[in-house]
Every structure is written in structure tokens, then in C-alpha cells.
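Below is one structure, written out as C-alpha cells; comments come after it.
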Amino acid sequence: MKSITTYQIGFAALVIGITILFRYLLTFFLNQQQYVLTWILAALYFVCMFSTGWYFGKKANQSLPIASLTFRLHLYTFVIFSFISLLWFKLNLAGVHENFESFKTGTFIWLVILLLHFGMYLLKGRNTIKGIAKTDIFE
Amino acid sequence: MNNLIDELLSAWEETYKKGQLTLWIFLAVKDGKKYVDEIKLFIEIESKHTIQCEEQSLYRNLRKLHHIGAVDFESGKGHKGPERKYYYLTALGKDLLTKFVERNIQLFFSPNIAKLLTMEETL
């Protein structure tokens, strides 16, 4: 797909790196029962992901303003986070205080939000030609 | 009085020029396969320097026109340095330009309008 740009690949690569680091530190802090640090880590992870999405989204939009961009970045984040987390549990890397059921519930809630985002994208997509908003094609 | 006309003219032209870049890009690549620097030069010369375009803006526009299938490119050697993308109009691009010109440009050549646009008539 020619609409998968290097910016999107760069975003996905960075998300993989940040998520692995997040999972590692999360397990470490939980094993140490450092719950305050766990919350700080979660907040930092959110800020990092948001900033990464903002930076790459802006760059990708300047390169080619496809309407599905924000949804794609959301989808990549969801898939990468869920896959790494699942692997974390399956490989027994998760700490004793990490609960697989909580992970499943969180993933389900996130999936519902992702589907809502997809619905918004579909609505937006009605005013596009080949994925670019009609008002953005010509300058 | 002259200052007022200059100011009004400048304001009108600023609005008028918005949206013209696509047409100039189409004309540039219709004239023959060109890389970005040549397209920029064509636009500036042929518009008598009334249209100024940034290279970044041209790249962005060409990426979009390529995405929708109006232009395509082939790689070729530049005069110096690395390979360049030489852009040209696709069949879709040619059709699009023809229809746009028919509907929006050729009306200025109708006898009535052409007569009104003649400077001697208006002065």
C-alpha cells in the first residue's frame, strides 16, 4: 500500500520500543511493590505515546494528508500494545501482581474505543477521494 | 488614489492566486516531463513571477496528485547529482485538466468576455 509511509513505519517502530520498555519497567516496579512509580510510569507512557503520535502524525500529514491517518496510528498502537502484552504474559515475563484478567478487560474497553474511532473515520471517509479529503486535494 | 489601487489590487490578487497552484502544476507537466526544480521554474517564468511557490509546497502537491493518479513519474538522471523524479500527466490527469479548462478557463475566451477583458475597451 503506497499510503503506508515511512512516517507510519517510524511511528510503529518507536511504539514497539517504548512499549517493550514500558512493560519491562511495569513488571519491575510491580515486583518491587513501588505502586507510586507504577502510576508515574503509566502517565509517562501515555505522554510518550501521545507525543510520538503527535510528532509522526503531523509529519505524515504534511507528507500526504490521508483521512485515515489518526485511526491508523491508533490501530498500530492498539495492535502493538496488545500483542506485546499478550506475549509478556505467555512468556511468563509478567510479575506476580500482574493480572491477565485485568489485561483482557482493559483490551476489551480499548477495542470498543477503537471501533468508535473507526466509525468516526468511516463517517469522515465519505468526503474523501482515494483517502484524501476533497478539500485537501487541490491547492 | 494610486496607493489605494495598489493595496486593493494586492488584496484581490492574494485571494485570486489561492487555488491556482494546481492548474500551474498541471500546465507545467503538460508542457513535458519535468522534475521539481523545472516545474518551479516553469511556473515562475510563465506566470511572469506572479506565482511564487516553495519547493516543499510543490512536493506536497505532487505527492497528492500522484496519490490520486493524476500524475506519475519516472526516475531519470539530473544534470548533476542523484536521480530525479520526472513528473508527467497520466490519462486521468489529462482528462481532468481538459475538463477543468473547458469549464473554467475557456469561458474567458468567449467573444463577449474576451471583448470585456480587452484593456482598450475598459480604459
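B:Ala114 meets each of the listed conditions (1) part of a helix (DSSP H, G or I); (2) farther than 25 Å from A:Gln62 by Cβ; (3) at pLDDT 90 or above apart from (3). Across the stretch A:44-61, the number of residues qualifying as away from every other protein chain (no Cβ under 14 Å) and among the polar types (S, T, N, Q) comes to 2. For the stretch A:93-139, a residue qualifies if it is in contact (Cβ under 8 Å) with a residue 24 or more places away in the chain, within 14 Å of chain B (Cβ to nearest Cβ) and of a type in the set (D, E, K, R), and exactly one does: A:Asp136.
With the structure loaded, tell me whether A:Leu41 is farther than 30 Å from A:Lys134 by Cα and surrounded by 12 or more Cβ atoms within 10 Å (Cβ to Cβ) or whether it fails that test. Taking the combined requirement at face value, the residue satisfies it. Taken over the stretch A:73-85, the criterion of being without any contact (Cβ under 8 Å) to a residue 12 or more places away in the chain and of a type outside the set (Phe, Trp, Tyr) is satisfied by A:Val79 alone.
Among the residues of the stretch A:54-61, none qualifies, meaning not one is touching a residue at least 40 places away in the same chain (Cβ under 8 Å), closer than 30 Å to A:Lys130 by Cβ, assigned to a helix (DSSP H, G or I) and polar (S, T, N, Q).
Looking at the stretch B:70-99 only, could you name the residues that are part of a helix (DSSP H, G or I) and touching a helix residue (DSSP H, G or I) at 6+ places or on another chain (Cβ under 9 Å)? Within the stretch B:70-99, B:Leu92, B:Gly93, B:Lys94, B:Leu96, B:Leu97 meet the criteria. Assess whether B:Tyr59 counts as being within 14 Å of chain A (Cβ to nearest Cβ) and among the hydroxyl-bearing types (Ser, Thr, Tyr). Answer is yes for this residue.
Scan the stretch B:74-84 and give yes if some residue there is surrounded by 12 or more Cβ atoms within 10 Å (Cβ to Cβ), at pLDDT below 95, acidic (Asp, Glu) and over 12 Å from the mean Cα position of the chain (by Cα), otherwise no. No; the residues of the stretch B:74-84 include none that is surrounded by 12 or more Cβ atoms within 10 Å (Cβ to Cβ), at pLDDT below 95, acidic (Asp, Glu) and over 12 Å from the mean Cα position of the chain (by Cα).
Hey, can you tell me all the residues within the stretch A:1-24 that are surrounded by fewer than 16 Cβ atoms within 10 Å (Cβ to Cβ) and more than 14 Å from chain B (Cβ to nearest Cβ)? Of everything in the stretch A:1-24, those that are surrounded by fewer than 16 Cβ atoms within 10 Å (Cβ to Cβ) and more than 14 Å from chain B (Cβ to nearest Cβ) turn out to be A:Ile9, A:Gly10, A:Ala13, A:Ile16, A:Gly17, A:Ile20, A:Leu21, A:Tyr24. Tell me, yes or no, whether the stretch B:62-69 has at least one residue that is within 13 Å of chain A (Cβ to nearest Cβ), charged (D, E, K, R) and part of a loop (DSSP other than H, G, I, E, B). Among the residues of the stretch B:62-69, not one is within 13 Å of chain A (Cβ to nearest Cβ), charged (D, E, K, R) and part of a loop (DSSP other than H, G, I, E, B), which makes the answer no. Of all residues in the stretch A:62-92, those being within 14 Å of another protein chain (Cβ to nearest Cβ), of a type in the set (Gly, Ala, Ser) and assigned to a helix (DSSP H, G or I) number 1.
The values are calculated or read from the model by the stated rules, or taken from the named source; none is laboratory data. Keep in mind that this is a model prediction, so the values were computed, not measured. Cβ atoms come from the backbone with ideal geometry, glycine included; neighbour counts cover every protein chain shown.
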